[in-house]
Amino acid sequence: MAFFLQICERMEKIIITIDGWSSCGKSTLAKQLARELHYVYIDSGAMYRAITLYFLRNHIDWTNEEAVAHALEAIKLVFMTNHKNGQTEMYLNGENVEYVIRDLVIAEKVSEVAAIKAVRAFAVARQQEMGSRKGIVMDGRDIGTTVFPSAELKIFMTADEDVRVKRRFRELYEKNPNITLEEVKHNLSMRDYIDSHREISPLRKADDAIVLDNSHLTMPQQLDIAKKWVSERMK
Ligand code: CDP
């Protein structure tokens, strides 16, 4: 690992994008890579989740363009590192919302909100600013296609639906033991449908992205594969 880091630190920084279906482990791989490379990790989905939280809390009618524009003016999104665990956390207007945005209540509405043109323009502009100095790993749905179309390494992640549902169920069950596998399955397939069928920046594999199916891979195995791709891109 030390050798890998030494090589990478001598090279120019690159942008790594990780897109894919809901709950296929994008953020796990993105965090692993950012840690190894000493890069910044940005969870673009957290931004759409935080915007959704703001809209729900403030009863914003997101079918009304003017109401959306007005609401977006009042939203300030910042990522800050939690020095206790080294993780990047999402702040909405100064409040740490990292925990609350993971709730199923947010997951039920986020894809609808993320399909709105003004919302996407708002989030994408901030994402592009964050990547202006490179040295970033960003995960989401449109990072390789729209946010950083010239990224040096683009990964498109996928995993069997059953595997994805079980992974997300385990995460949500820890917070809410009343949740059912059916609810989680329904949410993932609904989001995948909306995300891949929306008009603006739908979820799709960029032509130059490499597919990583991690249904049967352990975390160290997926990291090894991705590190090999990073080394190839840095040569
Ligand atoms: O963790 P998971 O893969 O389930 O989702 P997420 O990354 O937290 O993203 C939540 C939702 O935000 C997605 O279902 C999309 O509707 C939206 N999203 C998007 O439209 N574009 C992105 N770049 C990232 C997320």
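The values are calculated or read from the model by the stated rules, or taken from the named source; none is laboratory data. Keep in mind it's a predicted model, so treat the numbers as computed, not measured. In this analysis, Cβ positions are derived from the backbone assuming ideal geometry, glycine residues included, and neighbour counts consider all displayed protein chains. SASA here: full protein model, heavy atoms, side chains in, ligands and nucleic acids out. Shrake-Rupley method; radii C 1.70, N 1.55, O 1.52, S 1.80 Å.
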Exercise for review: Kindly establish whether residue 63 is of a type in the set (S, T, N, Q) and either touching a strand residue (DSSP E or B) at 6+ places or on another chain (Cβ under 9 Å) or open to solvent by less than 70 Å² (accessible area, probe 1.4 Å) (or both).
Suggested key: no
Review point. Does residue 68 count as over 16 Å from the mean Cα position of the chain (by Cα), within 16 Å of the ligand (Cβ to nearest atom) and touching a residue at least 24 places away in the same chain (Cβ under 8 Å)?
Key: yes
Point to revise | Complete set of residues in segment 178-199 that are of a type in the set (Val, Ile, Thr) and surrounded by 15 or more Cβ atoms within 10 Å (Cβ to Cβ) | key: 179, 184, 194
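Quick grid of which residues meet (1) within 11 Å of the ligand (Cβ to nearest atom); (2) among the aromatic types (Phe, Trp, Tyr); (3) outside any helix (DSSP H, G or I); (4) open to solvent by 20 Å² or more (accessible area, probe 1.4 Å):
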{"position": "89", "(1), (2), (3), (4)": "no, no, yes, yes"}
{"position": "98", "(1), (2), (3), (4)": "no, no, yes, yes"}
{"position": "105", "(1), (2), (3), (4)": "no, no, no, yes"}
{"position": "108", "(1), (2), (3), (4)": "yes, no, no, yes"}
{"position": "112", "(1), (2), (3), (4)": "yes, no, no, yes"}
{"position": "118", "(1), (2), (3), (4)": "no, no, no, yes"}
{"position": "121", "(1), (2), (3), (4)": "no, no, no, yes"}
{"position": "126", "(1), (2), (3), (4)": "no, no, no, yes"}
{"position": "129", "(1), (2), (3), (4)": "no, no, no, yes"}
Review point. Taking into account only those residues within segment 139-177 that are surrounded by fewer than 18 Cβ atoms within 10 Å (Cβ to Cβ), away from the ligand (no atom under 11 Å from the Cβ) and part of a helix (DSSP H, G or I), which is modelled with the lowest pLDDT?
Key: 175
Practice item. Scan 215, 201 and give me the residue that is under 23 Å from residue 113 (Cα atoms) and under 19 Å from the mean Cα position of the chain (by Cα). Key: 201
**Study point:** Scan of segment 68-95 for residues that are out of contact with any Phe, Trp or Tyr (no Cβ under 9 Å at 6 or more places or on another chain) and within 26 Å of residue 117 (Cα to Cα), ordered by number
**Key:** 69, 70, 73, 94, 95
**Study point:** Breaking point among (1) assigned to a loop (DSSP other than H, G, I, E, B); (2) closer than 18 Å to residue 111 by Cα; (3) open to solvent by 50 Å² or more (accessible area, probe 1.4 Å), for residue 134
**Key:** (2)
Exercise for review: Taking the residues in segment 28-64 that are touching a residue at least 60 places away in the same chain (Cβ under 8 Å) and touching a Leu at 6+ places or on another chain (Cβ under 6 Å) as candidates, determine which candidate is farthest from the ligand (Cβ to nearest atom).
Suggested key: 32
Exercise for review: Return only the number of the condition from (1) touching a strand residue (DSSP E or B) at 6+ places or on another chain (Cβ under 7 Å); (2) touching a residue at least 40 places away in the same chain (Cβ under 8 Å) that residue 81 does not satisfy.
Suggested key: (2)
Point to revise | Hits in segment 12-21 (condition: assigned to a loop (DSSP other than H, G, I, E, B) and either surrounded by 24 or more Cβ atoms within 10 Å (Cβ to Cβ) or among the β-branched types (Val, Ile, Thr) (or both)) | key: 14
Practice item. Within segment 72-87, identify whether any single residue is part of a helix (DSSP H, G or I), open to solvent by 30 Å² or more (accessible area, probe 1.4 Å) and at pLDDT 95 or above, and answer yes or no. Key: yes
